[in-house]
Every structure is written in C-alpha cells, then in structure tokens.
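To start, the structure under review is shown below, and the notes come after it.
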C-alpha cells in the first residue's frame with residue numbers, strides 16, 4: 001500500500017508542476033472587463049475570490065519549532081455560474097467550468113504554538129499570479145486523546161490582471177485529530193473580499209463570504225499527501241498537495 005501511495009504522490013507532483021509550468025491553451029487576460037454588467041462583475045468577483053482565497057490543505061496541529069511542510073498543490077474551483085461572464089471579460093475563448101490554480105506552499109512551525117505559511121501561485125487560464133500568507137495559533141496543541149484546535153488569519157493577493165485588482169483576508173477556526181498516519185480536519189471561517197476594476201463604469205466590490213472546509217492528511221514519513229474540499233460563499237473548490245513534511 002505504501003508503495004502504491006508513493007507512486008500516486010509522484011504522479012500528483014508531476015501534475016502539479018505541469019500545471020504551474022505550462023500555460024493553458026485557452027488562457028486569457030481579463031482585458032475586456034468593461035463589457036460586464038455590475039451583476040456579472042459581482043458574480044465573477046465571487047467565483048474568483050473563492051478560487052484565489054487561502055486554502056490551507058494541511059491539518060490543524062502546530063508543526064513545532066523544527067517543523068516544516070514544503071510542497072506543491074493544485075486546486076480546482078467550480079466557476080459554472082460565472083463562466084459565461086468570464087469568457088465575455090476575456091478569460092477564455094472556449095468553455096471553462098473549472099478554474100485550476102497551482103501553488104508552491106511553505107509552512108513553518110514557530111515557538112509557543114504559532115505557525116506561519118506562505119505560497120506563490122498561478123492561475124494560467126486568466127494569466128495571473130497569486131501570493132498568500134497565514135499566521136495560525138494553536139488554542140489546543142492536540143495529543144493522543146485530544147484534538148488540535150487552531151485559529152488562523154490569512155491574506156491573498158491576485159496580480160497580473162491589467163483591469164482587475166483582487167485581494168482577500170480571512171479568519172477561521174479549525175480542528176483535527178490524528179489516527180495513525182491519517183489526520184482528518186475541518187474548519188469554518190469568514191472571507192473578506194476587495195475586487196477593484198479599472199475598466200468601463202464598473203465600481204469596486206467589497207463583500208464577505210462564509211467558508212467551510214474539510215480535508216484529510218496522509219503522512220508516509222517524510223512524504224505527505226493532503227486532500228481538501230472547500231465551500232466559500234456558493235462556490236466549491238477541491239485541492240490536493242504533495243509535500244515533504246516533518
């Protein structure tokens with residue numbers, strides 16, 4: 001079983017690196033944002049915020065002073081309700097119901113129950129880059145019989161789109177409990193979004209979205225796999241990460 005999981009993890013790693021390095025065949029640049037109505041722009045902003053907002057793809061327990069988690073991840077976001085508007089805005093010339101995002105993610109444990117993390121990412125279908133960061137504090141570190149509970153603050157910024165500046169901030173609380181090599185986790189939070197267009201008569205949209213997420217971490221020693229489902233507002237995402245974790 002371990003051998004099969006290791007083989008699967010290598011495939012995930014290759015897929016993640018391919019997604020990051022190869023541009024999408026139908027990539028666009030949101031260069032026609034001014035063609036959208038105000039309601040279309042709000043729908044696009046909600047789906048993009050769900051796609052680029054922070055995804056931990058990691059369990060809650062603190063890493064500790066010597067802990068690291070360095071990996072690559074891929075997430076997919078269902079943009080069915082905004083796909084037509086995104087095409088109208090110049091995102092793609094072909095139908096696209098799932099927006100793929102790839103990231104390189106570094107997580108580091110600190111003293112006193114704190115952890116920090118950051119990532120660099122890419123959304124090739126709309127030709128933009130992402131940066132994200134988190135600070136987390138363990139309310140409970142967790143143990144053999146008790147779960148880990150943590151609170152997290154995050155920030156993400158989408159850059160590279162000439163006619164759109166979008167950033168998110170979020171707060172969440174999550175819980176996880178390890179069972180041998182498996183650690184399920186779940187959390188709930190709130191996302192604050194600022195979406196600022198610079199085209200046509202569109203105006204800045206600032207709003208909040210509820211957030212629910214759940215995942216499973218699979219530890220194979222130094223090698224680690226993680227899988228996560230996320231619901232931000234009315235938009236669903238799912239993700240997978242392959243990392244070196246200790």
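The values are calculated or read from the model by the stated rules, or taken from the named source; none is laboratory data. What you see is a predicted model; the values in this text were computed from it and never measured. Don't worry about glycine lacking a Cβ; one is built from the backbone with ideal geometry, like all the others, and counts go over all protein chains shown.
Brief remarks follow.
- Some residue of the range 104-117 being part of a helix (DSSP H, G or I) and farther than 27 Å from residue 225 by Cβ: yes
- Of residues in the range 83-99 being free of Cβ contacts under 8 Å to residues at least 40 places away in the same chain and in a loop (DSSP other than H, G, I, E, B), the one surrounded by the fewest Cβ atoms within 10 Å (Cβ to Cβ): 95
- Restricting the range 177-212 to residues that are free of Cβ contacts under 8 Å to residues at least 24 places away in the same chain and within 15 Å of residue 167 (Cα to Cα), the residue that is farthest from the chain's Cα centre (by Cα): 204
- Residue satisfying condition, being assigned to a helix (DSSP H, G or I), modelled with pLDDT of 90 or more and on the phi < 0 side of the Ramachandran plot, within set 43, 75: 43
- The lone criterion from (1) at pLDDT below 95; (2) more than 21 Å from residue 156 (Cβ to Cβ); (3) surrounded by fewer than 21 Cβ atoms within 10 Å (Cβ to Cβ) left unmet by residue 124 is number (2).
- The single condition from (1) at pLDDT below 95; (2) more than 18 Å from the chain's Cα centre (by Cα); (3) surrounded by fewer than 18 Cβ atoms within 10 Å (Cβ to Cβ) that residue 159 fails is (2).
- Test for residue 33: is it loosely packed, with under 15 Cβ neighbours inside 10 Å, modelled with pLDDT of 55 or more and in contact with a helix residue (DSSP H, G or I) (Cβ under 8 Å, 6 or more places away or on another chain): no
- All of 130, 139 fail the test of being touching a strand residue (DSSP E or B) at 6+ places or on another chain (Cβ under 6 Å), within 18 Å of residue 240 (Cα to Cα), at pLDDT 95 or above and not in a helix (DSSP H, G or I), apart from 130.
- Flag if residue 166 is within 21 Å of residue 43 (Cβ to Cβ) and assigned to a strand (DSSP E or B): yes
- Selection status of residue 64, under 24 Å from residue 173 (Cβ atoms), modelled with pLDDT under 95 and not in a helix (DSSP H, G or I): yes
- Some residue of the range 4-17 being more than 22 Å from residue 216 (Cα to Cα), in a helix (DSSP H, G or I), touching a strand residue (DSSP E or B) at 6+ places or on another chain (Cβ under 8 Å) and at pLDDT below 95: no
- Breaking point among (1) more than 30 Å from residue 223 (Cα to Cα); (2) in contact with a strand residue (DSSP E or B) (Cβ under 8 Å, 6 or more places away or on another chain); (3) buried (at least 21 other Cβ atoms within 10 Å of the Cβ), for residue 69: (1)
- Boolean, residue 50 is part of a helix (DSSP H, G or I) and buried (at least 21 other Cβ atoms within 10 Å of the Cβ): yes
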